[in-house]
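To start, the structure itself, in structure tokens.
The values are calculated or read from the model by the stated rules, or taken from the named source; none is laboratory data. Remember, it's a predicted structure, so these values are computed and weren't measured experimentally. Backbone-built Cβ (ideal geometry, glycine too); neighbour counts: all protein chains shown.
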């Protein structure tokens, strides 16, 4: 490995190669922005403007409630909700209470949610009234010593403006956001309404956490099945929040369309934490809707939009596309899937915007690579991010591969996680020492061109990328095995014109169920037992799965056959 890399020639001239980040907690970012810009809107939700002062005050009161319920330094707290004002304030309340945020995908169902409760040792959760019954169901099914002891539940309409002040919304959103829902019962525990929790007059605890304490424990999956918690400190999240602000030339006047889910590492770090650090404004979009997105970009003069490519494709496919005013946008980019070259070119031709793709993982607090704004390449991961070293290695020998040849992408930097929660074996396998530095093995295969830009070529891990949602076959297989008719199942990726990839299940039925259970029956059952993005869209019945001499299912063979057929 050489000290000077070819990508340095394309490094943004205004930026240093490495950053010194604040040696403070993430809570300090919100507190500082609230002190600097108390009356400035930090959040806009369907017409409701929430100032930085209100955000910080609400988070501090909620932190006091969490402390009163027994939350102490290092305790893990589940945060289960979509992109609402409550998510941002609850996230920072957990940090203010000296605790650790466990962000969970709201698509998960009870069988999946129970793992987050038990694996992270969670006793308290914050969620919305539409999701609370499923979380309570998960908790109530556990043993008495594993259950949640308390839930804070917010109504979806708690921050909706009244009457004509509320932005127009789709009918489906009306039925989702506006109704009051009853709070569920929690066996062996208690439930508080959000409004009561933030009305407490108790004082928040003394802030004890610093840059080296755990801040968030997002979960990622892999070839071993069940999701694993990624231990991130305040420092690792802080780095990419500060670096993201610098890389994107952001200021406090930045207006971001916040539609990428903030339970996901990209939305959480590159969007939420970056905006809070700068004192910028987030226009919240709780679910994707192209008409609402186009209207909000136009109305609020959105300057920055982090997204996944399918959102851009969908927006451009709207019959009202020409009526949207997108002229305020100065940045548009994201990751999770490659942007089709034709769409990227259309953005460039019509708006002078270069879609800036990046690359990162949950383990790396999102970006480890990013495209420089003044020299981006299409369908490219970009160059190693600020303070980051990366190279392409032979997966077997770990020797650096020549330019243009594929190998595993390895990463070293301050944003890399500390390891997997309570899983030292997986942690050890994830890292390798090279030249006295600890490099993370991404499990992704890529190549580097002669200018130092990285390109993704394949994956060592069995991961399906469906519209930016990561689907881990082993996890879906583990869930499907609980179906009484399924003897064996192997999950592979199938090509999909819109999602890029979609989930296909190759299934062996038990003898007694052959002819009695249809492909549609399997899909319907999956919809009832797992998050919708994980559900197989295609099911193929076979008499037997191909297996190696040791008895392992040869999933690669099935995957190659699917690719050949496509």
Open item on the list: What's the number of the only condition in (1) surrounded by fewer than 21 Cβ atoms within 10 Å (Cβ to Cβ); (2) assigned to a helix (DSSP H, G or I) that residue 476 fails to meet?
Closed with: (1)
- [ ] Please work out which residue is surrounded by the fewest Cβ atoms within 10 Å (Cβ to Cβ), limiting yourself to region 33-60 and to residues that are assigned to a helix (DSSP H, G or I) and in contact (Cβ under 8 Å) with a residue 40 or more places away in the chain.
- [x] 36
TODO: Looking for whichever is under 20 Å from residue 47 (Cβ atoms) and crowded, with 22+ Cβ neighbours inside 10 Å here; the options are 302, 292, 269. Which one fits?
DONE: 302
TODO: Pairs only if they're at least six apart or on different chains, beta carbon under 7 angstrom, first in region 425-443 and within 20 Å of residue 459 (Cα to Cα), second part of a loop (DSSP other than H, G, I, E, B); list them, first residue then second.
DONE: 427/419; 432/398; 440/416; 443/460; 443/461
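Residue by residue, here is whether (1) over 30 Å from residue 410 (Cα atoms); (2) in contact with a strand residue (DSSP E or B) (Cβ under 8 Å, 6 or more places away or on another chain); (3) without any contact (Cβ under 8 Å) to a residue 12 or more places away in the chain; (4) not assigned by TED's automatic domain parsing to the domain that holds residue 217 holds:
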site: 269; (1), (2), (3), (4): no, yes, no, no
site: 291; (1), (2), (3), (4): yes, no, no, no
site: 296; (1), (2), (3), (4): yes, yes, no, no
site: 302; (1), (2), (3), (4): yes, yes, no, no
site: 309; (1), (2), (3), (4): no, yes, no, no
site: 318; (1), (2), (3), (4): yes, no, no, no
site: 341; (1), (2), (3), (4): no, no, no, yes
site: 358; (1), (2), (3), (4): no, yes, no, yes
Task: Among (1) under 24 Å from the mean Cα position of the chain (by Cα); (2) under 28 Å from residue 331 (Cα atoms), the one test that residue 449 misses - done: (1)
Task: residue 455, sole failed condition from (1) in contact with a strand residue (DSSP E or B) (Cβ under 6 Å, 6 or more places away or on another chain); (2) within 25 Å of residue 380 (Cβ to Cβ); (3) not assigned by TED's automatic domain parsing to the domain that holds residue 409 - done: (3)
Open item on the list: Looking at region 489-510 only, could you name the residues that are surrounded by fewer than 21 Cβ atoms within 10 Å (Cβ to Cβ) and more than 13 Å from residue 522 (Cβ to Cβ)?
Closed with: 495, 496, 497, 498, 499, 500, 501
Task: Number of positions in region 1-22 that are in a loop (DSSP other than H, G, I, E, B) and either in contact with a strand residue (DSSP E or B) (Cβ under 8 Å, 6 or more places away or on another chain) or in the same structural domain as residue 368 (by TED's automatic domain parsing) (or both) - done: 3
Task: Filter result for residue 105 (within 21 Å of the chain's Cα centre (by Cα) and closer than 26 Å to residue 529 by Cβ) - done: yes
Open item on the list: With without any contact (Cβ under 8 Å) to a residue 60 or more places away in the chain and under 18 Å from residue 158 (Cβ atoms) as the only criterion, which of 110, 93, 99 stands out?
Closed with: 93
Task: Filter result for the condition that a residue is in the same structural domain as residue 160 (by TED's automatic domain parsing) and closer than 30 Å to residue 134 by Cβ, over 34, 93 - done: 93
Open item on the list: Looking at region 364-376, can you tell me whether even one residue there is over 30 Å from residue 437 (Cα atoms) and surrounded by fewer than 17 Cβ atoms within 10 Å (Cβ to Cβ)?
Closed with: yes
TODO: Tell me which of these residue 327 doesn't satisfy, since it passes every other one: (1) more than 16 Å from residue 43 (Cβ to Cβ); (2) surrounded by 19 or more Cβ atoms within 10 Å (Cβ to Cβ).
DONE: (2)
Task: Those residues of region 376-402 which are part of a loop (DSSP other than H, G, I, E, B) and touching a helix residue (DSSP H, G or I) at 6+ places or on another chain (Cβ under 8 Å), in sequence order - done: 378, 379, 385, 386, 387
Open item on the list: One residue is enough: does region 80-95 have a residue meeting the conditions farther than 28 Å from residue 29 by Cβ, touching a strand residue (DSSP E or B) at 6+ places or on another chain (Cβ under 6 Å) and modelled with pLDDT of 95 or more?
Closed with: no
Open item on the list: Taking the criterion of being outside the structural domain of residue 312 (by TED's automatic domain parsing), modelled with pLDDT under 85 and in contact with a strand residue (DSSP E or B) (Cβ under 6 Å, 6 or more places away or on another chain), would at least one residue in region 508-524 satisfy it?
Closed with: no
Task: Count of region 414-425 residues which are farther than 22 Å from residue 240 by Cβ and surrounded by 15 or more Cβ atoms within 10 Å (Cβ to Cβ) - done: 1
Open item on the list: Out of the strands (runs of 3 or more DSSP E) lying entirely within region 482-566, which hold 2 or more residues that are more than 25 Å from residue 134 (Cα to Cα) and touching a residue at least 40 places away in the same chain (Cβ under 8 Å)?
Closed with: 486-496, 500-509
- [ ] Go through region 404-436 and give me each residue that's in contact with a helix residue (DSSP H, G or I) (Cβ under 8 Å, 6 or more places away or on another chain) and assigned to a loop (DSSP other than H, G, I, E, B).
- [x] 413, 414, 415, 416, 417, 418, 419, 421, 422
- [ ] Return only the number of the condition from (1) touching a strand residue (DSSP E or B) at 6+ places or on another chain (Cβ under 9 Å); (2) in a helix (DSSP H, G or I) that residue 102 does not satisfy.
- [x] (2)
